[in-house]
Amino acid sequence: AFSLVWLRNDLRVYDNQALFEACQAGLPVVALFVATPDSWQQHFMAPIKQDFIRRRVLQLQTELALLNIPLVAVEGSHYDALPALMQQFIDAGAEALYGHNEYELRERLRDNKVSATFADAGKTSFWFDRKAVMPPGSILSKTGGIYQIFTPFKKTWLARLRETGVRCFPKPKALGDVTLQLPALPAMQQGDGSSAAYAVDELQVLDQMRQFCRDKAAFYQTERDFPALDGTSSLSAYLAIGVVSAQQCISRLQLEAASDWDREKSGAAVWLSELVWRDFYHHILMAFPDLIKHKAFQKDTDGIVWPNNAQLFQTWCEGKTGYPIVDAAMRQLNRTGWMHNRLRMIVASFLVKDLHIDWRWGEQYFMSKLIDGDFAANNGGWQWAASTGTDAAPYFRIFNPVTQSERFDPDGVFIKRMLPELADVPKKQIHWPHPLPLWSDYVKPIVDHSKARLRTLELFHTVKKPQ
Ligand code: FAD
């Protein structure tokens, strides 16, 4: 007999409650990971993220082996096949299942079915809520309502943090040596290696997180908006698949930043705010499951008929719009699988409000490229930029991509890094190098921002009263 820990977006040894509790239960522990490429494809999961998961699982196998916990890594296909696969573990002696809750709809249905398989066999499933720092549904207004606006959510969230702190679970102690007869299943395949720039060793990732909290969090507030600087933590890929938890980040931040984490506008407090945004979108997703069906949060905005010009969309995807900051950003995404937050806001706004393309097209494209793709954060970010979401930017406030570029990449350092064809353009013209210098083979702008802006207002006025 053994306890089964089913790993998904919690690919870590430290602060893994499911693993920790299973180890406390007294039986031998078996960990399980099932690659489900068909379901991943259905969610448009980027190949780089798929590779990253596969690499991390292989590394985790080594880390868990040191604790005498075998990690069975299986090549599966679709979520639908999981109950039958779990039955094989029950038949082999799984006494109980341990896992962490996921908040997306298909994943919840999947987990319910697997729980039912265990229940039918008279076995128990234990689910822990660790993906968000404060479990969804636990941060409510005085009248018991779900917050739909970030600022009051954050206020209550911070009060809770001061009250309860965060708890991190230690790495389990090594278990005794046992030999188990486990089901023979197809072994997980290796990925394409595209995520090689990302470390998969847990201690190395923890070290990166600690270094950020110690050396850089204090400067976060002043540096975070400049894509040419390395001013953010670059932890999103690790947080997305759970190599590190948000709880670990907060606990470390509190240790390194003394009381600064609770001093408004300090670097540490602003970074903590980003982790609160992460929770906020998780909570919103659980409370409004329609979001997973790609419905707009502000329902009236679903009445907008977006022109959706496929050719314009293609130029945006390829980073060939003629707007240097947009193109540099898209090339960063296409090349590395990551994009700086300020740039995500700029290109999202540009797609929707300059090219008049439905935000869902951009949302899907991002998912198909991002190593840190996360439904809640991505959907939240897109709906924010498109002015269709919870805390959305008002629809009439429209980013001017050139002004954004001047403010956040003043010397064009980031643009030139990504667009070598503009390397020799003087600083003054880098944000708008048109008409193009004779020697440049950069593209002409595909839209006129001021005309596009007016068209956006018209589109919103078809569903909202002019402001
Ligand atoms: P830091 O600035 O160091 O922030 C620390 C962590 O806080 C991040 O790793 C992330 O987990 C969380 N975080 C930061 N900002 C946000 C935010 N606005 N919403 C939710 N969580 C946040 N983030 C994702 O993790 N996955 C996505 O798929 C994603 N898609 C986005 C799409 C759009 C259109 C926009 C505007 C933002 C999106 N974000 C997404 C949020 C943000 O851009 C990234 O989390 C951030 O750029 C990651 O870099 P970092 O780890 O250096 O972040």
query: Which part of the stretch 371-401 falls in the paramagnetic zone of residue 467, meaning amide N under 15 Å from the point 7 Å along Cα-to-beta-carbon?
result: 384-399
- prompt: With each run of n ≥ 4 DSSP H residues scored as -39500 (n - 2.57), what mean residue ellipticity at 222 nm is computed for the chain after dividing by its residue count and rounding to the nearest 500 deg cm²/dmol?
  reply: -13500 deg cm²/dmol
- prompt: So what is the relative contact order for the chain, in percent, with contacts set as C-alpha pairs under 8 Å and at least six apart?
  reply: 17
- prompt: Roughly what would the spin-label model give for residue 62 and residue 341, points 7 Å off Cα along C-beta, in nm?
  reply: 3.3
message: Students often forget the sequence filter, so: which lysines lie under 30 Å Cα-Cα from residue 265 once same-chain residues fewer than 8 apart are removed?
response: 131, 142, 154, 155, 216
- line: For the stretch 328-467, whose charge dipole is built from +1 on Lys and Arg Cβ atoms and -1 on Asp and Glu Cβ atoms, the candidate among 394, 420, 338 with its Cα farthest towards the positive end is 394
field: 19 Å cut-off, amide nitrogen to a point 7 angstrom out along residue 295 Cα→Cβ, residues in the stretch 141-156
entry: 146-149
- prompt: In whole angstrom, how far apart do the alpha carbon centroids of the stretch 160-237 and the stretch 378-410 sit?
  reply: 29
query: Cα convex hull of the stretch 2-128: mean projected area in nm², to one decimal?
result: 7.2
- line: Note: the stretch 371-467, point scatterers on Cα, Debye, no solvent; log10 I/I(0) at q = 0.11, 0.20, 0.23 Å⁻¹ equals -0.49, -1.06, -1.13
- prompt: For residue 263 and residue 185, FRET efficiency with R0 = 35 Å and r from the beta-carbon atoms, rounded to 0.05?
  reply: 0.10
- prompt: Restricting attention to the stretch 199-277, which trypsin sites (Lys or Arg not before Pro) occupy a DSSP loop and are surrounded by at most 14 other Cβ atoms within 10 Å?
  reply: 263, 265
task: Compute the distance in nm between two label points, each set 7 Å from the Cα along the Cα-to-Cβ direction, one at residue 314 and one at residue 121.
output: 5.1
- line: Shape descriptors of the stretch 299-461 over alpha-carbon atoms, Rg and Dmax in angstrom, are 15.2, 48
task: For residue 171, list the aspartates and glutamates whose Cα falls under 12 Å from its own Cα; do not include residues on the same chain fewer than 8 positions away.
output: 15, 21, 63, 202
query: In the chain, what percentage of the DSSP-assigned beta bridges are antiparallel, given to the nearest 5?
result: 10
query: Where in the chain are the DSSP H helices whose alpha-carbon span along the long axis reaches 24 Å or more and whose Kyte-Doolittle mean is at least 0.5?
result: 267-287
statement: For the stretch 367-467 the trypsin sites (Lys or Arg not before Pro) that pass both the DSSP coil test and the at-most-11 other-Cβ-within-10 Å test are 397
Residue 204-residue 112 pseudo-label distance in nm [points 7 Å out on the Cα-to-Cβ vector]: 4.1
query: For residue 255 and residue 173 in the same chain, what is the full-extension length gain: residue separation times 0.36 nm, less their Cα-Cα distance, in nm?
result: 27.1 nm
task: Can you quote the Å³ per residue value for the convex hull of the Cα atoms in the chain, rounded to an integer?
output: 154
query: When the dipole is taken about the Cα centre of the stretch 2-128, and only Lys, Arg (+1) and Asp, Glu (-1) are charged at their Cβ, what size is it in debye, to the nearest 20?
result: 200
- request: State, as an integer percentage, the relative contact order of the stretch 299-461 based on alpha-carbon contacts under 8 Å between residues 6 or more apart.
  value: 28
query: On the first, second and third principal axes, largest extent first, how far apart are the outermost C-alpha atoms of the stretch 2-61 in Å?
result: 39, 19, 16
field: Point-charge dipole on Cβ atoms (K/R +1, D/E -1) for the stretch 96-147, about Cα centre, debye to 20
entry: 60
message: Charges at C-beta only: +1 for Lys and Arg, -1 for Asp and Glu. How large is the resulting dipole of the stretch 143-263 about its Cα centre, in Debye rounded to 20?
response: 580
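Each reported figure results from applying straightforward, stated rules to the coordinates on display, with no laboratory input. Note that the structure is predicted; figures quoted are calculated from it, not measured. When we count neighbours, we look across all protein chains shown, and the Cβ atoms used for this are built from the backbone with ideal geometry, even at glycine.
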